[in-house]
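Presented below is the structure to which this report refers.
The values are calculated or read from the model by the stated rules, or taken from the named source; none is laboratory data. Just so you know, these numbers come straight off a predicted model, no measurement behind them. Here the Cβ positions follow ideal geometry from the backbone for every residue, glycine too, while neighbour counts run over all protein chains shown. Accessible surface areas use protein heavy atoms only, side chains included; no ligands, DNA or RNA. Shrake-Rupley method; radii C 1.70, N 1.55, O 1.52, S 1.80 Å.
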Amino acid sequence: MLGGVRSRTYGALAGITAAAAAIGVAEGLAVLTGAATAPLVAVGGVVIDAVPAQVKNFAVDVFYTYDKLALLVGTLVLLAAFAAVTGALATKRAIFGYAGIGIFAAVGIAAALTRHNAPWYAFVPTLAGAVAAAGVLHLALRQEPAESGYTYEQRRWLLRVAGGIIAGAAVIGFAGRWWATRRGVQAERDAVHVPEISESPATLPPQADAQLADLAPFVTPNKDFYLIDTALVVPQVSPRDWKLRIHGRVERELTITYDELLKRPMIERYITLACVSNEVGGGLIGNARWQGVRVKDLLDEAGPKQGADQVVSRSVDGFTAGTPTAVLLDGRDAMLAIAMNGEPLPIEHGFPVRMVVPGLYGYVSATKWLAELELTSFADFDAYWIKRGWAAQGPIKTQSRIDTPRDGGEPKAGPLVIAGVAWAQHRGVSKVEVQVDDGEWQRAELLAVPSVDTWRQWRLQWTAAPGRHRITVRATDNAGQTQTDAVAPPDPDGATGWHSIAIDVR
Ligand SMILES: Nc1nc2c(c(=O)[nH]1)N[C@H]1C(S)=C(S)[C@@H](COP(=O)(O)O)O[C@H]1N2
Ligand SMILES: [Mo]
């Protein structure tokens, strides 16, 4: 007689063991077939792409910056729960267990095969994993069933076989990930020789950086630069395989290799990149010295046709950004960047080649792991975030931020420097004003900038009296527009409002 509580527990544990075997085998094989073919990564990628626009901001906070791991772990937990339930059912009728494995295989294979640029063999890891799971389930169900509790054989099987399989799968999973990253393109990236630039190098005016503790440095070190993307695993693109295709509504289609790109005339510029998801006062912004080839030079060669008002940049993993063709041709320093702060692009920032466009939020311009530029029209194509409800046009809004003192800080009474950064990329910041409590707006000192395409540090001397104070900042751009105090969320085209902090002076 089957069906005691214990017997269901045995089935659940057997199901989890079968799932572990599937994941272990699949992850192991995905080291060879590519991380994106692993069922967990493929399904996680589908989930990321399916996130509706309303939860994008939540998703940015939770997944895109740090917690992609949370998505993987969440997927694993769901899989374990599913395996436990189908395993328990399998103790009544084995077919439930095999059907569960069939569902796992169908979902994993469908996800892997439909990812952007999936190789034809993308189904192999999931299929092999499913076969392994079926084998484990078969073994588990062969153990003598107990009337109640576990039989000696079942207990031994759980301890020895199941324990071994789960531990083995965990080891293979972690080792596979580690090996895939190690064997990635880090060595090729480190071997890249960044070529000389054809014009004068980007130089910083003296006094661009006040070098205050807590104030964002004028140049953001690569290791501190914010990271935003939809890639669950960082794409590993070898410069030897890299090609850029410029196609669509052009007179002449172009294909350029990495070596060819490096031989072209190069410019170097300080440009401040910003994310549309940045909240007022937030940190999704950074300034770097970028080196690369002008997009305009390449577009001029390809010859955009009449009506091709949008350039869609597409990454190797299928992300797309749509940039107005006019912006790329208007003389600003839009470039295909190959170096960041004097180093080859870091892999997570888009190695080997990414786009950087002064004045536009990243989601409409800054495609990393670039693979193609397609000339089309805004009427004909919506890029990745536009499909999800974000605005098609993404000029960066004038903003300012107080970095020091810190919000909620308790500085000592007496002379104090209030300082921060302000930005209005490609228009430039002409004025920053600070208000303490309900006082007059006071003009802050502006530090020097190399161009209108970067953020600008500002500072103001203040004599702090004991007590609680509110400090607010606002910037004005070179067109004379003062940052609006109307509060708006990032969705759909960038947050607005004044950054304001509260401190307790002691
Ligand atoms: N391939 C790819 N490129 C991408 C994205 C992405 O999801 N995938 N996100 C964009 C967004 S929204 C921003 S804000 C910038 C961030 O660039 P960073 O991670 O180098 O700071 O990259 C852009 N380029
Ligand atoms: Mo972004």
Subject >> Cα pair distances exceeding 30 angstrom across the chain, given as percent >> reply: 57 percent
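Sort largest first and round to whole Å: the equivalent ellipsoid semi-axes of region 178-225, each the square root of five times a Cα gyration tensor eigenvalue.
On the way: eigenvalues 192, 86, 5 Å².
Output for region 178-225: semi-axes of 31, 21, 5 Å.
Got the relative contact order for the chain handy, in percent, Cα pairs under 8 Å and 6 or more residues apart? All intermediate terms of the calculation are to be shown ahead of the outcome.
Details: 1099 pairs, mean separation 71.4, N = 506.
Normalised by residue count, the contact order of the chain is 14 percent.
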**OP:** Would you please name the trypsin sites (Lys or Arg not before Pro) within region 212-300 that are DSSP coil residues with at most 13 other C-beta atoms within 10 Å of their C-beta?
**Re:** R240, R252, K263
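Dividing the convex hull volume of the alpha carbon atoms of region 298-437 by its residue count, what do you get in Å³ per residue? Working shown, then result.
Numbers: hull volume 25.2 nm³, N = 140.
Once divided by residue count, the hull of region 298-437 is 180 Å³.
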Original post:
How much accessible area does Y150 have with a 1.4 Å probe, in Å² rounded to the nearest 10?
Top reply: 60 Å²
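Largest first, what is the accessible-area ranking of H193, H499 with a 1.4 Å probe? Write down the numbers at each step before the final one.
On the way: H193 150, H499 25 Å².
I get H193, H499, largest accessible area first.
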**OP:** Using DSSP to define loop residues, name the chymotrypsin sites (Phe, Trp or Tyr not before Pro) in region 409-506 whose beta-carbon has at most 13 other beta-carbon atoms within 10 Å.
**Re:** none
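Using a 10 Å cut-off on Cβ atoms, rank the peptides 389-398, 213-222 from the highest mean neighbour count down. Intermediate values should be presented prior to the final figure.
Numbers: 389-398: 19.6, 213-222: 16.5.
Ranked from most to least packed, the peptides come out as 389-398, 213-222.
Could you order E196, E374, E343, E253 so the one with the most accessible surface comes first? Probe is 1.4 Å. It would help to have the intermediate numbers written out before the result.
Numbers: E196 160, E374 50, E343 80, E253 115 Å².
Sorted by accessible area, descending: E196, E253, E343, E374.
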Subject >> Per residue value of the accessible surface for the chain (all protein chains in place, 1.4 Å probe), Å² >> reply: 44 Å²
Original post:
Rounded to the nearest 5, what is the percent of antiparallel bridges among the DSSP beta bridges in the chain?
Top reply: 95 percent
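Take R459, R142 and sort them by solvent-accessible surface of the protein heavy atoms, 1.4 Å probe, largest at the top. Please report the intermediate quantities before stating the final value.
Working: R459 65, R142 160 Å².
Reading off the accessible areas and sorting them downward yields R142, R459.
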**OP:** Please report the Cα spread of region 222-388 along all three principal axes, rounded to whole Å, starting with the longest.
**Re:** 42, 35, 31
Original post:
So how much accessible area does Y98 have, in Å² to the nearest 10, using a 1.4 Å probe?
Top reply: 80 Å²
**OP:** Bin all alpha-carbon pair distances of region 305-385 at 5 Å intervals from 0 and give each bin's fraction as a whole percent.
**Re:** 3, 17, 27, 25, 17, 7, 3, 1
Subject >> Relative contact order of region 176-288, pairs being alpha-carbon contacts under 8 Å that are 6 or more residues apart, as % >> reply: 33 percent
Subject >> All Cα pairs of region 2-182, percent lying beyond 21 Å >> reply: 50 percent
Original post:
Using θ = phi - 60° and the Karplus form 6.51 cos²θ - 1.76 cosθ + 1.60, what ³J(HN,Hα) does each residue of region 156-165 get, whole Hz, x for Gly and Pro?
Top reply: 5, 4, 4, 5, 7, 6, 4, x, x, 5
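Where the only charges are on Cβ atoms (+1 Lys, Arg; -1 Asp, Glu), what is the dipole of the chain about its Cα centre, to the nearest 20 debye?
Here the size comes out at about 1540 debye.
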Original post:
Around W290, which amide H atoms from residues at least 5 apart in sequence, or from another chain, sit under 5 Å from its own amide H, with H modelled in the peptide plane?
Top reply: R269, Y270, I271, N341
**OP:** Can you check what the net charge comes to around Q310, using other residues whose Cβ is under 10 Å from the Cβ of Q310 (Lys, Arg +1; Asp, Glu -1)?
**Re:** -3
**OP:** Calculate for the chain the 222 nm mean residue ellipticity that helices alone would give, adding -39,500 (n - 2.57) per DSSP H run of length 4 or more and normalising by residue count, nearest 500 deg cm²/dmol.
**Re:** -10000 deg cm²/dmol
Original post:
Of the accessible area of the chain, with the probe set at 1.4 angstrom, what percent is carbon plus sulfur?
Top reply: 58 percent
**OP:** Could you pull out every residue, at least 5 positions away or on a different chain, whose amide H is within less than 5 Å of the one on L360? Hs are placed 1.01 Å off N in the peptide plane, and Pro or chain starts have none.
**Re:** I396
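Sum up the charges of everything whose Cβ sits under 10 Å from the Cβ of M335, counting Lys and Arg as +1 and Asp and Glu as -1, but leave M335 out.
+2
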Subject >> Spatially proximal aspartates and glutamates relative to K412 (Cα-Cα < 20 Å; intrachain offsets below 8 disregarded) >> reply: D214, D403, D437, D504
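In this model, which of K223/K397; K68/K223; K223/K431; K397/K431; K243/K296 are farther than 22 Å apart at the alpha-carbon?
Numbers: K223/K397 26 Å; K68/K223 18 Å; K223/K431 30 Å; K397/K431 15 Å; K243/K296 18 Å.
Over 22 Å apart, Cα to Cα: K223/K397; K223/K431.
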